[in-house]
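Written out below as structure tokens is the structure these notes cover.
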Amino acid sequence: MAATISLTLDSTDAHALAPFWKTALGYIDEPPPPPFTTREEWLAQFDLPEDDLPEHSAWLCDPDGLGPRLSILNVPEPKTAKNRLHIDIRVPGRGSPDERWARILAEADRLVRAGGTVLREDDRHHVVMADPEGNEFCVGASAA
């Protein structure tokens, strides 16, 4: 059986950043694992420092259960360099290269309106962007 993955994104304000990624990925807040009914209940089982509060993190998931889970966690240190791992958002659809590029640009525009920033466009292939905290990601077309 293959391993599954989840992604963790460092943040200075997880609750402020979560809405951007829910918009970008179409994700929802991940419910706490059973038998817990709230994240606070779930976190209470761990011996966490007093200043590690539920609002210092956000857990997101694909509502269809297909994509990896995304955890957004507050960290004390600022972002200082380019991400070594980044998320690629792939827009679906077939068509000519011009139609594909138009879909990529439309998605990038949608994400700018949600708080993202375009960093550069690469050869009509993908758009490099940053989320509201500067974490880089790309918008491109899916292979299918």
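In plain terms, the chain from Thr38 to Arg84 could stretch by 13.3 nm, reckoned as 0.36 nm per residue minus the Cα-Cα distance.
With neighbours defined as other Cβ atoms within 10 Å of a residue's Cβ, the residues Arg103, Arg110, Arg94 order from fewest to most as Arg94, Arg110, Arg103.
Subtracting the Cα-Cα distance of Asp29 and Asp109 from 0.36 nm times their residue separation leaves 26.4 nm of extension gain.
Just to verify a number: FRET efficiency for Ser142 and Gln45, C-beta to C-beta distance, R0 = 41 Å, to 0.05? Walk me through the intermediate numbers first.
On the way: r = 39 Å, r/R0 = 0.96.
Working from the Cβ atoms, E equals 0.55.
In this simple spin-label model, placing a label point 7 Å from the Cα along the Cα-to-Cβ direction at both Ala102 and Leu66 gives a separation of 2.4 nm.
Only helices enter this figure: runs of n ≥ 4 DSSP H residues, each worth -39500 (n - 2.57), summed and divided by the residues of the chain, yield -7500 deg cm²/dmol at 222 nm to the nearest 500.
What separates the Cα centres of region 61-85 and region 110-135 is a distance of 16 Å.
Which of the three applies to region 6-74, rounded, prolate or oblate, going by the alpha-carbon gyration tensor with a ≥ b ≥ c and a/c under 1.5 meaning rounded? Cα axes put region 6-74 in the oblate bin.
Taking each residue as 0.36 nm, the span from Asp123 to Ile5 lengthens on full extension beyond its C-alpha to C-alpha distance by 39.4 nm.
Rule-based calculations on the coordinates, nothing more; no lab input. These numbers were taken from a predicted model, which means no experiment stands behind them. Don't worry about glycine lacking a Cβ; one is built from the backbone with ideal geometry, like all the others, and counts go over all protein chains shown.
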